[in-house]
Amino acid sequence: MSPAKINIAIDGYSSCGKSTLARQLAKKLHYIYVDTGAMYRSVALFALDNGLFESDFDKEKLINSLHQITIRFERNENGLQTILNGKNVEESIRSMRVSDRVSEVAAIPEVRKKLVSQQQEMGKEKGVVMDGRDIGTVVFPDAELKIFMTASPSVRAQRRYDELKSKGKEAGMEEVKKNLEHRDYIDTHRSSDPLRQADDALVLDNTDLTPDEQLQKALDWANERIA
């Protein structure tokens, strides 16, 4: 008899390695990984490509355009790819251009309502690992395992800088620091589903942990819940 499946919710600040851990956990447990950040980034990319940031951010136009946005995930030789309206946007949504705007887009209640509904549908059959800002508090409040990730601001900035550099994207360290500070403020102060630690979440501070140590800790927690 196969073990019962659980849902795993991973929340935390930008550049804490949430997506990396979520992918690794899903692979080890043979679960489905859902990158909610990619979903919000896709909406931000849609807004940018349609000129909604050209002067003041036209939130109303974005809200009225939500029915035109279709997001899905496909797996190929490069891993999980984000598909926006039939186009692979996995590279485009990781740019600083999108990073600078994604928190503003994610703060819009109508955007959150649309994407949260899709995310909850994905988790109905269990066996899902999902990361984001409100997974343990809003999307999966009944998740069997909730992890809240954090790390020191300097470590987070260095990780983000190194990630951008490895992908050949131009960004200065000061620009990266300001971007993270800006996103932290919006994520924790927005009126709709702000970033906060769920009361029953386990805190994973990975400032001084290697990726392997971090994964092992999360795996131990998951196996305890599954058992």
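The values are calculated or read from the model by the stated rules, or taken from the named source; none is laboratory data. Small disclaimer: the values here were computed from a predicted structure and weren't measured. Counting neighbours? That spans all protein chains shown, and the Cβs are built from the backbone with ideal geometry, glycine included. Ligands, DNA and RNA are excluded from the accessible area calculation, which covers all protein heavy atoms including side chains. Shrake-Rupley method; radii C 1.70, N 1.55, O 1.52, S 1.80 Å.
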- request: Would you kindly find the accessible area of Lys177, with a 1.4 Å probe and non-protein molecules such as ligands, DNA and RNA excluded, rounding to the nearest 10 Å²?
  value: 80
The chain - accessible surface per residue (Å², probe 1.4 Å): 51
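Could you work out the local net charge near Asn223, counting Lys and Arg as +1, Asp and Glu as -1, over the other residues with Cβ closer than 14 Å to its Cβ? Intermediate values should be presented prior to the final figure.
Working: positive: Lys5, Lys28, Lys217, Arg225; negative: Glu144, Asp220, Glu224.
Charge balance near Asn223 sits at +1.
Less than 13 Å Cβ to Cβ from Arg72, Lys/Arg counted +1 and Asp/Glu -1: what total charge do the surrounding residues give?
Taking every Cβ under 13 Å from that of Arg72, the sum is -2.
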task: Report, to the nearest whole %, how much of the accessible area of region 129-172 belongs to carbon and sulfur atoms, 1.4 Å probe, protein only.
output: 50
- prompt: Dipole of region 117-180, Cα-centred, from +1 at each Lys and Arg C-beta and -1 at each Asp and Glu C-beta, to the nearest 20 debye?
  reply: 280
message: Can you sort Leu195, Leu202 by solvent-accessible area, 1.4 Å probe, largest first?
response: Leu202, Leu195
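In percent, what relative contact order does the chain have, based on Cα pairs under 8 Å that are 6 or more apart in sequence? Show your work: numbers first, answer last.
On the way: 316 pairs, mean separation 78.8, N = 227.
It comes to 35 percent, rounded to a whole number.
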Test item: Cα-centred dipole of the chain, Lys/Arg +1 and Asp/Glu -1 on Cβ, debye: 380
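What ranking of Asp49, Asp35, Asp58, Asp184 comes out by heavy-atom accessible area, probe 1.4 Å, highest first? Numbers along the way, then the final one.
Numbers: Asp49 100, Asp35 5, Asp58 60, Asp184 30 Å².
Putting Asp49, Asp35, Asp58, Asp184 in descending order of accessible area: Asp49, Asp58, Asp184, Asp35.
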- prompt: Which of Ile71, Tyr40, Gly136 sits farthest toward the positive end of the charge dipole of the chain, with +1 on the Cβ of Lys and Arg and -1 on the Cβ of Asp and Glu?
  reply: Ile71
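Counting other C-beta atoms within 10 Å, and keeping those with at most 11, which DSSP coil GluC sites (Glu not before Pro) do you find in region 115-193? Don't skip to the answer; put the middle values down first.
Values: sites: Glu121, Glu125, Glu144, Glu163, Glu170, Glu174, Glu175, Glu181; in loops: Glu125, Glu144, Glu170.
Qualifying residues, ordered by number: Glu125, Glu170.
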query: Placing +1 at every Lys and Arg Cβ and -1 at every Asp and Glu Cβ, with all other atoms neutral, what dipole size does region 108-214 have around its Cα centre, in debye to the nearest 20?
result: 460
- request: Compute, for His189, the solvent-accessible surface of its heavy atoms (probe 1.4 Å) with the complete set of protein chains present, and express it in square angstrom to the nearest 10.
  value: 120
